[in-house]
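Below: the structure, in structure tokens.
Just so it is clear, none of the values below were taken in a lab; they were calculated from the coordinates. Keep in mind the model is a prediction, meaning the values are calculated, not measured. Here the Cβ is made from the backbone with ideal geometry for all residues, glycine too, and neighbour counts use every protein chain on show.
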Amino acid sequence: MLKAPILISIPGIPAYWTMTIIVMGLILSAAFIVGRNLRIVPTGMQSFFELIFIMTEYFLKEIIGEEGGIYLPLIASFAVFILFSNLLGSIPGFTSPTATIDTTAVLALIVFFLSHAVGIKKHKAKYIKKFLGPLIIIAPIMIIIEIMSALSRPFSHALRLFANIFAEEFMVTVLLFLLPWAIPAIMMYMQIFTDLMQAFVFYLLAIIYIALSLEEEN
Amino acid sequence: MPLFIFMDKEFIKQITRMSSLGLNLIISVLIGIFIGIEIDKYFGFKYLFFIVFLILGFAAGIYEIYKAVKRELNTKL
Amino acid sequence: MVKYLISIFTFLSVSVLGIKAFADKAASSAAPLHEHIVNNSALLSKSLFFGLSALGGGLAIGLGVIGAGVGMGNAVRGALESMGRNPGMEKKLIVWMITGMAIMESLALYALLITFILFYANPFKAIFLK
């Protein structure tokens, strides 16, 4: 497998762990610097963080309902983390942590367990009615089908983000080996659109999966 | 409110959900194949549960589409 | 012009000579072809197996994506035409278009799956790689 050169790596651990640590450091330092001097009229970095905050609040209130406010810290930190780690891949010498299945699978599993735990907490024993299907006669088959379609959600959730980010990184790497002038740089800046789009889709699907297990069965 | 105010919540929800259906369809088939092969290994059958769970996996993918489409028919945009 | 022709001919002659020298060396060192095949039937079957696997994988994704691409194009065209006629239905049409496109995309993903199986998890590998 072709691999693009990586500048910074701590020996003994995989490269994407180093990148995750870098992303965490970037987010923490950015949050610290922004938090030091907050202004009433936001500028620069503060307006970016406020945009994510307000957007997340809006979507949570609209899609989940009034009780959605408590998921704001989790979902907003998903947005910031995925966005930063997607965009890190655009810098030469770094790779995205989300270009490995491990990172995205962990994020998707968090959403999976959280959504079902929240559903059980809200509906108690009635939560199993979501898995029984429309008719009581075909319930034994429907429960298998429902469980399988519930299991397919975290896979597709994780695989979509991973595949997109990995594919664009791999494309840049292949171009780098075929033709190392100018063209890979153009492709790297084309990545930014995909990065934003995939971060948004992942974040919205997380909200939607929580909302689907919270809503009443009609 | 931010620039996303012009987006209908039901519209954006449905679009995101619909766009992940294609991947869901194939992954539920794969999960079905995996479960079928494991059960076959456990009970010593050759192909029985493999085929049963292959069909169930396909049904699960179709059922996911059915649910999304039913929801779309019931909502007004 | 003449300069280019000279360089092209030089390149061609050098490559022809090189290939000829290489072929002579190979012919002198190796046994006749049919004996080579008989001695190395395992090698032949392996190389045939890998070559045909790669060919099959490439054909699978290529031919599979043709159908999905044509279908998606048709779907988008139909949706855009009806949106032009009736702009009030825009959102509903976009959602239905995305639904249809997701199902077509799953067909292309099946082709991709076949390619990945042929490349990375070939079920017949155990027969040929003992």
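Let me know the longest stretch in chain A that avoids all GluC sites (Glu not before Pro) found in a DSSP loop with at most 16 other C-beta atoms within 10 Å.
A:1-214
Residues of chain A were split at every exposed loop site, defined as trypsin sites (Lys or Arg not before Pro) in a DSSP loop with at most 16 other C-beta atoms within 10 angstrom, and the longest piece left, sites excluded, is A:40-218. Across the options A:Thr100, A:Leu176, B:Ile26, the greatest Cα extent toward the positive end of the charge dipole of the protein assembly as shown (unit charges at beta carbon of Lys, Arg, Asp, Glu) belongs to B:Ile26. Put a plus charge on the Cβ of each Lys and Arg, a minus charge on the Cβ of each Asp and Glu, and nothing anywhere else: the dipole of the protein assembly as shown about its Cα centre is then about 320 debye. Quick one: net charge around A:Leu87, please, counting Lys, Arg +1 and Asp, Glu -1 for every other residue with C-beta under 14 Å from its C-beta. Summing Lys and Arg as +1 and Asp and Glu as -1 gives -3. For A:Val111, the shell of other residues with beta-carbons less than 13 Å away shows a net charge of +2, using +1 for Lys and Arg and -1 for Asp and Glu. Sparse packing (at most 12 other Cβ atoms within 10 Å of the Cβ) combined with a DSSP loop state is found for the following chymotrypsin sites (Phe, Trp or Tyr not before Pro) in region A:86-185: A:Trp181.
For the protein assembly as shown, what does -39500 (n - 2.57) per DSSP helix run (n ≥ 4), summed and divided by total residues, give at 222 nm, in deg cm²/dmol to the nearest 500? List each step's numbers first, then the result.
On the way: 14 runs with 325 residues, N = 425.
For the protein assembly as shown, the value works out to -27000 deg cm²/dmol.
For C:Lys46, the lysines whose Cα comes closer than 17 Å to its Cα, not counting residues fewer than 8 places off in the same chain, are C:Lys125, C:Lys130.
If I fit a long axis through the Cα atoms of helix B:21-43 and take the longest principal axis of the Cα atoms of chain B, what angle between them do I get, 0 to 90°, rounded to 10? Once rounded, the angle reads 20 degrees. Taking 7 Å steps out from each Cα toward its Cβ at B:Lys41 and C:Phe50 produces label points 2.8 nm apart. Mean projected area of the convex hull spanned by the Cα atoms of chain A, taken over all viewing directions: 15.8 nm².
Most exposed first by the Cβ proxy, i.e. fewest other Cβ within 10 Å, how do C:Ile94, A:Ile165 rank? Don't skip to the end; give the middle numbers.
Working: C:Ile94 17, A:Ile165 27.
Arranged by neighbour count, lowest to highest, C:Ile94, A:Ile165 become C:Ile94, A:Ile165.
Each Cα pair under 8 Å and six or more residues apart adds its separation to the average, and for chain A the resulting relative contact order is 28 percent. Taking every residue in B:49-60 and counting other chain Cβ atoms within 10 Å of its Cβ, the average works out to 3.
By how many degrees, 0 to 90 and rounded to 10, does the Cα axis of helix B:9-19 deviate from the longest principal axis of chain B? On a 0 to 90 degree scale, this one is about 30.
For the protein assembly as shown, a Kirkwood radius taken over Cα pairs fed into Stokes-Einstein (25 °C, viscosity 0.890 mPa s) yields D = 96 µm²/s. Could you list, in their original order, any pairs among A:Lys122/C:Lys91; A:Lys124/B:Lys76; B:Lys9/C:Lys92; A:Lys124/B:Lys70 whose Cα atoms are separated by more than 23 Å? Long pairs (Cα-Cα over 23 Å): A:Lys122/C:Lys91; A:Lys124/B:Lys76; A:Lys124/B:Lys70. Restricted to Cα atoms, region A:103-162 shows a radius of gyration and a Dmax of 13.3, 41 angstrom.
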